[in-house]
């Protein structure tokens, strides 16, 4: 009898996973007793309703496009249900974190709909609450706290949420900086980028995007004193794989600055630009090698260069602008 009962329980669980009617909604517990969780019940009911509608569409012979659209709508509905549950749990952990997330989402919604001024006002609101946010992070998850298997699940979630809270503050400050940079107010923008870096310094880091944007300012002296060395330091903290190519592990921005090819603004850097600079650099090196080989291959003499058949390679690598160099060595590209 016990074995049969256990089999029935397992069968019911599988049935819930397949159908997920409202009665199979995930259950919350209080003092060991099951209690109704309205949010999760609604998510389960919406999921079941959507699946029923999808089934009807398929039986009616609806096109795959219509079925796919309905499926996406269903996913959005259920995700929105569960989002409310996540926000409720976050608020139980930290009211500041929940308020900051809510403000950040409102700002993103404004940006999405072209209401830039409203979005920046909300980001400034997050910044105004910066001291309280930083205190919350330091108290709830002091520097050095890391999610690990040794922590309880609740402790790990708290650490992750505090990390996210600090990132949201730095992001808000960076977004305000970008707004002022787009408006041509570089000195104000630089101060906001520095704010974002100071925020991430709470955990011993820095905001990578703010560092990159600030690096361009120091490289060109826009809004700050020109300081190429400091720009190199700021770029050095960025992801070395960004726009990486051809085995070059150097940060792309640092590479462009070192080769005097860095544009004035980050938005003007493209993978095509990096590749073009790399190709030019490689071609220049090959040209130098070819010219050197040609100069020392004339009957064993280091001067009085004698034209050889491989002049064509040197000329091709050098290009028309440098044919005079080969000609001065006694070769001919004409």
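Where a number appears in this text, it was derived from the coordinates with a stated rule and is not lab data. Treat the numbers as computed from the prediction; the structure is a model and nothing was measured. Positions of Cβ are generated from backbone atoms using ideal geometry, with glycine treated the same way; all protein chains shown enter the neighbour counts.
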If the chain between residue 146 and residue 267 were fully stretched, how many nm would it gain, using 0.36 nm times the residue separation less the Cα-Cα distance?
-> 40.1 nm
May I ask you to sort 176, 65, 202 by Cβ crowding, counting other Cβ atoms within 10 Å and putting the fewest first?
-> 65, 202, 176
Cα gyration tensor of the range 147-209, axes a ≥ b ≥ c as square roots of the eigenvalues: rounded (a/c below 1.5), prolate (a/b > b/c) or oblate?
-> prolate
Classified through the alpha carbon gyration tensor (a ≥ b ≥ c as square roots of its eigenvalues; rounded if a/c is under 1.5, else prolate when a/b is larger than b/c, else oblate), the range 108-178 comes out prolate
Report the calculated FRET efficiency for residue 105 and residue 259 (r = Cβ-Cβ distance, R0 = 56 Å), to the nearest 0.05.
-> 0.85
Shape category assigned to the range 88-137 from the gyration tensor of Cα positions, a/c cut at 1.5 | oblate
If r is the Cβ-Cβ distance from residue 128 to residue 279 and R0 is 51 Å, what FRET efficiency results, to the nearest 0.05?
-> 0.60
